[in-house]
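Participant: Take this structure first; my questions come after.
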Amino acid sequence: MERLDTRLEGPILLKPKVFGDERGFFAETYRRNVFTELGIAEEMVQDNHSRSSAKIVRGMHFQVGAGASKLVRCGRGAIYDVLVDLRKGSPTYGQWEGFELSEENFHMLYAPIGFAHGFCVTSDVADVFYKQSNYYSDETERGISYRDPDVGIEWPVPVDELIPSQRDTNAPTLAEIAGELPFTY
């Protein structure tokens with residue numbers, strides 16, 4: 001497993017070793033002791049799988065309370081995966097960073113507690129798999145707008161062509177909820 005550079009402090013981009021031949025491929029996508037050595041100490045307690053069509057945007061989501069870190073990969077198709085730093089006092093508070101995760105590059109992204117997470121689909125269809133360090137809870141789930149002009153995420157698809165859920169359409173801006181955020185740097 002290779003750790004790749006990120007601009008924001010906290011997220012970790014990973015590239016697993018992939019062994020392939022004419023029969024297909026094999027890649028180890030999770031080994032707790034290796035992830036601990038790479039700086040991902042949490043135990044992951046929940047696995048999730050989503051399938052989305054082209055131009056679907058999901059995000060920007062996070063959990064309050066104990067929070068939840070995520071380990072995200074795209075097993076089919078391609079996505080543009082984005083994190084926004086929500087940690088008060090962080091030198092990169094309110095800044096975002098995006099990564100292509102695809103079935104071609106096998107990259108995985110660790111999204112630590114204190115970051116909003118979301119993605120848009122850049123292929124015809126994408127299957128996204130992610131582990132969480134805490135169980136999903138509707139009571140602690142929150143989000144900020146994927147189109148917040150102050151955050152300024154540069155999606156690879158024009159923002160007016162992205163297809164959000166009703167919840168994501170109505171998500172507040174970061175400025176509207178900044179006082180409620182429990183995360184500190």
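Participant: Pairs, please: C-beta under 8 Å, at least 6 apart or cross-chain, first residue open to solvent by 60 Å² or more (accessible area, probe 1.4 Å) and in segment 7-22, second of a type in the set (Asp, Glu) and part of a loop (DSSP other than H, G, I, E, B)?
Facilitator: If the second residue must be of a type in the set (Asp, Glu) and part of a loop (DSSP other than H, G, I, E, B), the pairs left are 17/28.
Participant: Tell me, yes or no, whether segment 132-145 has at least one residue that is open to solvent by 20 Å² or more (accessible area, probe 1.4 Å) and in a helix (DSSP H, G or I).
Facilitator: no
Participant: Further question on the same structure: Among the residues of segment 81-90, is there at least one that is assigned to a loop (DSSP other than H, G, I, E, B), out of contact with any Phe, Trp or Tyr (no Cβ under 7 Å at 6 or more places or on another chain) and in contact (Cβ under 8 Å) with a residue 60 or more places away in the chain?
Facilitator: Just the residues of segment 81-90 that are assigned to a loop (DSSP other than H, G, I, E, B), to begin with: 86-87, 89-90.
Next, only the ones that are out of contact with any Phe, Trp or Tyr (no Cβ under 7 Å at 6 or more places or on another chain) stay: none.
Within segment 81-90, none of the residues are assigned to a loop (DSSP other than H, G, I, E, B), out of contact with any Phe, Trp or Tyr (no Cβ under 7 Å at 6 or more places or on another chain) and in contact (Cβ under 8 Å) with a residue 60 or more places away in the chain.
Participant: Taking the criterion of being surrounded by 19 or more Cβ atoms within 10 Å (Cβ to Cβ) and within 14 Å of the chain's Cα centre (by Cα), would at least one residue in segment 29-45 satisfy it?
Facilitator: No, that holds for no residue.
Participant: I need the full set of residues from segment 34-75 which are of a type in the set (Gly, Ala, Ser) and either over 29 Å from residue 123 (Cα atoms) or touching a helix residue (DSSP H, G or I) at 6+ places or on another chain (Cβ under 8 Å) (or both), in order please.
Facilitator: Let us first name the residues in segment 34-75 that are of a type in the set (Gly, Ala, Ser), namely 39, 41, 50, 52-54, 59, 65-69, 75.
Correct list: 39, 41, 59, 65, 66, 67.
Participant: Against the condition in contact with a Pro (Cβ under 9 Å, 6 or more places away or on another chain) and either not charged (D, E, K, R) or not in a loop (DSSP other than H, G, I, E, B) (or both), how does residue 67 come out, does it pass?
Facilitator: yes
Participant: Inside segment 146-161, can you point out the residues that are surrounded by fewer than 19 Cβ atoms within 10 Å (Cβ to Cβ) and either among the polar types (S, T, N, Q) or closer than 16 Å to residue 81 by Cα (or both)?
Facilitator: Filtering segment 146-161 down to residues surrounded by fewer than 19 Cβ atoms within 10 Å (Cβ to Cβ) leaves 149-150, 152, 154, 156-161.
The answer is 152, 154, 156, 157, 158, 159.
Participant: Let me ask something else about it. Within segment 1-39, which residues are at pLDDT 95 or above, assigned to a loop (DSSP other than H, G, I, E, B) and among the β-branched types (Val, Ile, Thr)?
Facilitator: Scanning segment 1-39 gives a single hit, 6.
Participant: Next up: Take the residues of segment 162-174 that are in contact (Cβ under 8 Å) with a residue 40 or more places away in the chain and not in a helix (DSSP H, G or I): which is most open to solvent (accessible area, probe 1.4 Å)? Steps first, please.
Facilitator: Taking segment 162-174 first, the residues in contact (Cβ under 8 Å) with a residue 40 or more places away in the chain are 162-165, 168, 171, 174.
Going one step further and asking which of them are not in a helix (DSSP H, G or I), we end up with 162-165, 171.
Numbers: 162: 13, 163: 85, 164: 40, 165: 51, 171: 22 Å².
Result: 163.
Participant: If I filter segment 71-82 for residues that are at pLDDT 95 or above, among the acidic types (Asp, Glu) and open to solvent by 30 Å² or more (accessible area, probe 1.4 Å), do I get at least one hit? Break it down stepwise before answering.
Facilitator: To start, the set of residues in segment 71-82 that are at pLDDT 95 or above comprises 71-82.
Filter once more, keeping what is among the acidic types (Asp, Glu): 81.
Of the ones still in play, those that are also open to solvent by 30 Å² or more (accessible area, probe 1.4 Å) are none.
No - not one qualifying residue is present in segment 71-82.
Participant: Given 104, 100, which one is part of a loop (DSSP other than H, G, I, E, B), free of Cβ contacts under 8 Å to residues at least 40 places away in the same chain and surrounded by fewer than 23 Cβ atoms within 10 Å (Cβ to Cβ)? Outline the logic, then answer.
Facilitator: Numbers: 100 fails: part of a loop (DSSP other than H, G, I, E, B).
After ruling out the rest, the residue left standing is 104.
The values are calculated or read from the model by the stated rules, or taken from the named source; none is laboratory data. As the structure is a computational prediction, the values presented were derived from the model and not from experiment. Reconstructed Cβ throughout: ideal geometry from the backbone, glycine too, with neighbour counts over all protein chains shown. Please note that ligands, DNA and RNA were not included when accessible areas were found on the heavy atoms of the full protein model with its side chains. Shrake-Rupley method; radii C 1.70, N 1.55, O 1.52, S 1.80 Å.
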